[in-house]
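For reference, the structure is listed below as structure tokens.
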Amino acid sequence: MSLSTSKHTHNRSKQKIPMEKNLLRSTSERPLRFALLGPPKSSKSSIVSIISSGKSIGNYYPTVQNSPTLIQFQPKSVKARALLDVNATLDELEDVNVIGNKEFKITQRVLDAVSEATTVIPSESTIPLLSSASILSRTLNYYDLDYTRPDYFETDLMTSLSPISSPIASYSIGSHSDPFIKGVMSDKLSDEDSNCSQYRPPVTTPILVELIDTPGVQRNDLIPFLEKGLDSKLAKDVLRNLINEADASSRSRVKPLLTGSGMSELNAAMDGYLLCYSCIPETANEAAPPSYDDAIASSSDKNNHSKYHSETQDGYEPIEIVKALYTAIIEAWKQYTNYQIGWEEGKEFDVYSLNYSFKHLWKKRNLPENISGQMITNKALEMMPPVLIAVTHVDHELASPILIEKGRQLAKEWNCGFIEVSCEFENWRNVEETVAFLIRDRIEDIKRKKRNKVKGFGI
């Protein structure tokens, strides 16, 4: 499709202007829940603070427990709004520097959805695509889009509203003097770009989002995601290399992140995971003095210990934690998939029978003969919500291009999204885009799973 043809898809609004939408009201009561995971000093709390209050955290305050924040997300930046536009075409996303930008790696399911919008033939029959009914059906009722007021955040209306008088959170209605407004408004298209591209992303209605900030993850804190939830110690064949970095004390003190039964707050009900890491090697590489145990450690322990410190000295510690977190998430979802299969099998019996419950509570659950471990892994990957890798501190003078590239390679290997983020005080960028990325990816993920379930591919 030619560039002019795809542009005409949005210019159809000039032929018949759709109705204005209520931009002060959410369209859904169910929030999209995203967990922010990663090593310490990876800007997880800064991302939440910028989105929720429009302020970056100047000092480092480590998060000590899971901290959920419920917000009404209404992005101002051009890229974030374009990501959420279900009618945007490939050419239009390229014009606003979302596609073809090295800082972004869009997932294939989002690209497929955008390609479908690109193939729409511009005509009078496509005008209903801008209606609330059409948009809400494609956003699963999470948000609506208003194409009539693309300059909504630049009007006097927004500067006259105050956090007290507006039902939207204060971050989305501040005046132009607010540093958050300056940051996102600097991202808008220049006049020259506007003359070249007439595409102006629509404004979304407030999107209900819950961001769950989590404590910084250390390598020896990765055991817990199943053990604490299932109240059992897992064998080495399950934990594999993770057990090499964990001792008895660490396995008893850590907090659970994920559980195989889906009972944890970060599992089963999650809509996505944001894996954050810093591209500044020093932020996570404070060398610790050797412990007394090193003198009496076995040769294998010494090898593991030296390998660990070699990775730390090379500055790859944040990447290793991200890898371990991803492995932990997959393992938890494999257990959850196994749990779901067992639950479906239990429906054939009297699940309310106390005798049945006790027998199956302590019985070692074996997979059905016709379901292999690889099939469980594949089903777990299908059920698992999207993962987005966010490398932070990319604008810092000590940012490592190697660490940035390693994150990009992981995203390609895992077939997930990737984004470069900077949370510098009053000079951040790609923060709104991160949340918008998660929202759009999750919506397209749910839609694809529904289609597969109808076709009989799902669980």
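If only residues of the range 59-73 that are closer than 11 Å to Ile212 by Cα and not β-branched (Val, Ile, Thr) are counted, the one that is modelled with the highest pLDDT is Leu70.
Among residues of the range 406-418 that are assigned to a loop (DSSP other than H, G, I, E, B), none has a beta-carbon under 6 Å from a residue that is among the small types (Gly, Ala, Ser) and at pLDDT 95 or above at least six positions away or on a different chain. Could you tell me which of the residues Ser45, Ser56 is crowded, with 17+ Cβ neighbours inside 10 Å, under 25 Å from the mean Cα position of the chain (by Cα) and at pLDDT 90 or above? So the residue among Ser45, Ser56 that is crowded, with 17+ Cβ neighbours inside 10 Å, under 25 Å from the mean Cα position of the chain (by Cα) and at pLDDT 90 or above is Ser45. Yes or no: the range 74-83 includes at least one residue that is in contact with a helix residue (DSSP H, G or I) (Cβ under 7 Å, 6 or more places away or on another chain) and at pLDDT below 90. There is no residue in the range 74-83 that is in contact with a helix residue (DSSP H, G or I) (Cβ under 7 Å, 6 or more places away or on another chain) and at pLDDT below 90. If the condition is being surrounded by 24 or more Cβ atoms within 10 Å (Cβ to Cβ) and over 14 Å from Phe104 (Cβ atoms), then the range 430-442 contributes only Ile439.
Among the residues of the range 444-458, what is the count of those that are touching an Asp or Glu at 6+ places or on another chain (Cβ under 9 Å) and in a helix (DSSP H, G or I)?
Selection size over the range 444-458: 6.
Each row is one residue, and each column tells you yes or no for (1) more than 25 Å from Pro385 (Cβ to Cβ); (2) assigned to a loop (DSSP other than H, G, I, E, B); (3) touching a Gly at 6+ places or on another chain (Cβ under 9 Å).
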{"site": "Ser45", "(1), (2), (3)": "no, no, no"}
{"site": "Ile50", "(1), (2), (3)": "no, no, yes"}
{"site": "Tyr61", "(1), (2), (3)": "yes, yes, no"}
{"site": "Pro68", "(1), (2), (3)": "no, no, no"}
{"site": "Gln72", "(1), (2), (3)": "no, no, no"}
{"site": "Val110", "(1), (2), (3)": "no, no, yes"}
{"site": "Glu116", "(1), (2), (3)": "no, no, no"}
{"site": "Leu129", "(1), (2), (3)": "yes, no, no"}
{"site": "Phe153", "(1), (2), (3)": "yes, no, no"}
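The values are calculated or read from the model by the stated rules, or taken from the named source; none is laboratory data. Keep in mind that what you see is a predicted model, and the values were worked out from it rather than measured. Virtual Cβ from ideal backbone geometry, glycine too; neighbours counted across all protein chains shown.
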